[in-house]
Amino acid sequence: MQYKLIQKDKNLGQTIIEKTGHSHTFSVLEVVEHILQLKNKMKEFVAQDKFEKTKMTNIEEHNDFLKGLTDEQKHAVWLWYESKKISNICQEGLKTHQDALDEYDEVIKEVKKQTGYSIKVPLAIWKSNKKK
């Protein structure tokens, strides 16, 4: 991909950068907003994942059985399965969102390398981008 400064603006968020290979322009503000959206969704995934795993643990601790399942026990198994399914979705979402944030790391580096322009993402946002 190639990056080119199209319009440099005093207001950092309004600077326009063109990405070619397949032409796509974006503003720094759009990048920052998308990073914030990714970070917020990742927080939601973490919270939902924790909640679902807590439910699964509770169901497992209160339903120690192997055979002769009653309807109530079957319902407990279903509840556990649904929580496990949602937990897996949260884990996949966390990975894809982290991958998108990692890709932004590379784009920002490449824009600077090719154009000399540094995309300045507010430190408080970007610092929290690092993997835990």
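The values are calculated or read from the model by the stated rules, or taken from the named source; none is laboratory data. Remember, it's a predicted structure, so these values are computed and weren't measured experimentally. Glycine also receives a Cβ, built like all others from the backbone with ideal geometry; neighbour counts cover every protein chain displayed.
On inspection, Y81 fails the criterion of being within 30 Å of G116 (Cα to Cα) and either not small (G, A, S) or not in a strand (DSSP E or B) (or both). Does H34 meet the test of being modelled with pLDDT under 85 and either out of contact with any Asp or Glu (no Cβ under 7 Å at 6 or more places or on another chain) or part of a strand (DSSP E or B) (or both)? Against the criterion (modelled with pLDDT under 85 and either out of contact with any Asp or Glu (no Cβ under 7 Å at 6 or more places or on another chain) or part of a strand (DSSP E or B) (or both)), H34 does not qualify.
Going through (1) modelled with pLDDT under 95; (2) part of a helix (DSSP H, G or I) one by one, E92 falls short only on (1).
Taking M56 as the residue in question, decide whether it is surrounded by 16 or more Cβ atoms within 10 Å (Cβ to Cβ), modelled with pLDDT under 95, touching a helix residue (DSSP H, G or I) at 6+ places or on another chain (Cβ under 6 Å) and on the phi < 0 side of the Ramachandran plot. The answer is yes for M56.
When you go through F65, F26 one by one, which is the residue that is assigned to a loop (DSSP other than H, G, I, E, B) and in contact with a helix residue (DSSP H, G or I) (Cβ under 9 Å, 6 or more places away or on another chain)?
On the way: F26 fails: assigned to a loop (DSSP other than H, G, I, E, B).
That would be F65, the only listed residue that is assigned to a loop (DSSP other than H, G, I, E, B) and in contact with a helix residue (DSSP H, G or I) (Cβ under 9 Å, 6 or more places away or on another chain).
Among the residues of the range 61-84, is there at least one that is small (G, A, S), surrounded by 15 or more Cβ atoms within 10 Å (Cβ to Cβ) and more than 19 Å from E106 (Cα to Cα)? Walk me through it before giving the result.
Our first condition is that a residue be small (G, A, S); within the range 61-84, this holds for 68, 76, 83.
Pick out the ones that are also surrounded by 15 or more Cβ atoms within 10 Å (Cβ to Cβ) and you get 76, 83.
Subset that is more than 19 Å from E106 (Cα to Cα): 76, 83.
Yes, the conditions are met somewhere in the range 61-84.
Taken as a whole, the condition of being in a helix (DSSP H, G or I), more than 26 Å from M42 (Cα to Cα), at pLDDT below 95 and out of contact with any Pro (no Cβ under 7 Å at 6 or more places or on another chain) does not apply to V107. Going by the conditions given, is T70 polar (S, T, N, Q) and either at pLDDT 85 or above or closer than 26 Å to Y3 by Cα (or both)? Taking the combined requirement at face value, the residue does not satisfy it. Within the range 20-53, the set of residues being in contact (Cβ under 8 Å) with a residue 40 or more places away in the chain and either exposed (fewer than 11 other Cβ atoms within 10 Å of the Cβ) or in contact with a strand residue (DSSP E or B) (Cβ under 8 Å, 6 or more places away or on another chain) (or both) comprises just one member, V28.
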